Amino acid sequence: MDNLNSFEKFINKHFKISLIFLFLAFVFGILYSTNLLGFYIDSQTLNPANIRSLHISLMLYGFVPLMLSYLPFLLINKEGVKSAQGLRYLSLYTIFWYIFLVFIISSLLFGNTRGLAFYDFPYELNFILAISGVFYILALYKYIKAYEKVPLWIKVCLRITIIAPIALLILMNPTIGQVESTISGPHGDNTLGMSLALIPIYYLIIKLLNKTPFVARWNILWMIPTFFYFSSVLYRSFIGHLTYEMEWFCQWLTLLYIPILYRWYKDADIETFAKKALLVSILAFLFVDIEGNILFIPELRWLFHRNDLIVAHAHVAMGIGVFFMVIAMFVEYVKELKKFSFYAFYIGGLLGIFVVLSISGFIQAGVISGDITTLWALRTVFGFITMFSIFSFISFKFSYTPLQKYNLFGVLADGLGGVFLILLASFLYPIFGFKFSGSYEYIVFAFVSVTGIIHFFALTYKSSQKILTKLTVITRVLISSIFFALFYNKTLGIEALLISLFDITYASIYLLFFYKKDTLCQK
């Protein structure tokens, strides 16, 4: 039974772990929003440009795309195919994706940006994502071996995933890739490509959720824009930039997605809750498609180009359209997705952001008059409302043993404290009269955070609680001794002594109140 349920446990676990990155995306989005209101902290890491890049990068590369990438495996699981090796490689794929996201966060916090609208992190990080993709290919291959007869859609997925890591490194390359060139034209291939990519995903989601085998109709309606999209990419790569009229023609072909999505949705036989989530996603996608084509009209495009109306458009596209694809996929795996509170906060917050930014866009375009600052303040408020939806997935425990309380305080003091220092130390140190070089201190803060993470694992995994807690004690004693030595020889100032005293005191609390009990229990 454990083997049968292992995939479901894996999905549930990583759905919730990856929500951390969605939460961080919300946090950085709110911080950037407050920056626009004039509230700015002079911190080396909380630079507004860095925060904006973090918000966008975590939305585009964090929770949503990772969860969407599980779609083929959800379909395989629906068909009753199991593979322990496949699940192992899928786990490695996920872990390397997390590593990629951690590198993105660190790189962008310290200002390593490329000045691009979307793919703003260092190009070299794409190699980590490519390594992750290799494990994805291996996972899919192991599951394929478990089939007696391999379905056509899985063969197509395997071929696409084999090409994907190589295509990623080429397309994202700053010299020969498409990233820089697609932002120089009147529209670029990015939006067309993303619209195209969502159509097969919708098909696979409906195939996953449908109670009976799903047969897609009216397929010619996605074949036509697909042909012209790839033609535009080849033309741009080997001949030159497309004219506005050529891009306009390709862009308007995406309107063919409206009837085909209507047809597929009407033909689908899906459980009520998942079908409602899918409907929200499709309506958002179609709204963005229609609005995007209207904004492509030259007179309107240059009027609203890169103002808040376009930002509002992007929030609906990614924050509702693509996000609710994921919700539809995982409704049957994650029980919290059936909580009304989640939808009330999330949809209410996103629609609020959309409305106030749309009005702000019209003001910026000079179409109407109004106070943009008030609208930006409302955007911040709606951002908080959206962020609160994540708390639907958190269960708070108020009954702890003394040792669990010890580890809980360690999580708060070191885990969150280390993150707090990474974000604000360059601002706080001068206020308290401490010297701050802006280099080695961040390594210290990272070690502090790791100690907090060990406390978190001690709090979470009861069977390993004692050994992990002892590990934090050993770490604290070692770090305390080094900071004391550096203070004593005047290499570091009073802050080193304070860190030393805190760590040795916290370690001593365990030795005085918990160590003897653990020893007696073992005897």
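The values are calculated or read from the model by the stated rules, or taken from the named source; none is laboratory data. None of these values were measured; they are calculated from a predicted model. Because the Cβ atoms are built from the backbone with ideal geometry, glycine has one as well, and the counts that use them run over all protein chains shown. Heavy atoms of the whole protein, side chains included, go into the accessibility calculation; ligands, DNA and RNA do not. Shrake-Rupley method; radii C 1.70, N 1.55, O 1.52, S 1.80 Å.
When every alpha-carbon pair in the range 419-503 is counted, what percent end up more than 16 Å apart?
On the way: 2071 of 3570 pairs.
Roughly 58 percent, rounded to a whole number.
The residue among Gly418, Tyr406, Phe21 whose Cα reaches farthest toward the positive pole of the charge dipole of the chain, with charges on the beta-carbon of Lys, Arg, Asp and Glu, is Tyr406. Calculate log10 I(q)/I(0) of the range 463-505 for q = 0.16, 0.27, 0.30 Å⁻¹, where I(q) comes from the Debye formula with a single equal point scatterer on each Cα and nothing for solvent. Those come out to -0.43, -0.81, -0.91, one per q.
Against the empirical 2.2 N^0.38 Å scaling, what ratio does the C-alpha Rg of the range 49-121 come to? Walk me through the numbers before you get to the answer.
Values: Rg = 15.5 Å, N = 73, 2.2 N^0.38 = 11.2 Å.
Taking N as the residue count of the range 49-121, the ratio is 1.38.
How large is the direction-averaged shadow of the alpha-carbon convex hull of the range 1-185, in nm²? Write down the numbers at each step before the final one.
Values: hull surface 48.4 nm².
Mean projected area of the Cα convex hull: 12.1 nm².
Relative to the globular-protein estimate of 2.2 N^0.38 Å, the Cα radius of gyration of the range 1-91 stands at 1.49. What the chain shows is 49 Å² of accessible area per residue, with the surface traced by a 1.4 Å probe over protein heavy atoms.
Judged by the mean number of other Cβ atoms found within 10 Å, the most tightly packed of the peptides 159-166, 43-50 leads the ranking 43-50, 159-166. Give me the Debye-computed log₁₀ of I(q)/I(0) at q = 0.05, 0.09 Å⁻¹ for the chain, equal point scatterers on Cα only, no solvent, two decimals. Once normalised to I(0) and log-transformed, intensities are -0.24, -0.76. With kT/(6 pi eta Rh) evaluated at 20 °C and eta = 1.002 mPa s, and Rh the Kirkwood radius from Cα pairs, the range 189-346 diffuses with a coefficient of 127 µm²/s according to Stokes-Einstein. Rounded to two decimals, the Cα radius of gyration of the range 310-393 over 2.2 N^0.38 Å is 1.23. In whole percent, and with a 1.4 Å probe on the protein chains, what portion of the accessible area of the chain is carbon and sulfur? Carbon plus sulfur share of accessible area: 72 percent.
Dipole magnitude of the range 402-514 about its Cα centre, charges +1 at Lys/Arg Cβ and -1 at Asp/Glu Cβ only, in debye to the nearest 20?
Details: 7 positive and 4 negative charges, 60 e Å.
So the magnitude is around 280 debye.
On the principal axes of its alpha carbon atoms, the range 368-523 extends 77, 44, 18 Å, with the longest extent given first. Shape descriptor for the range 331-371: Rg over Rh equals 1.31 (Cα atoms; Rh from the Kirkwood inverse mean 1/r). Report note on the peptides 222-234, 290-302, 416-428: ranked by the mean count of other C-beta atoms within 10 Å, highest first, their order is 416-428, 222-234, 290-302.
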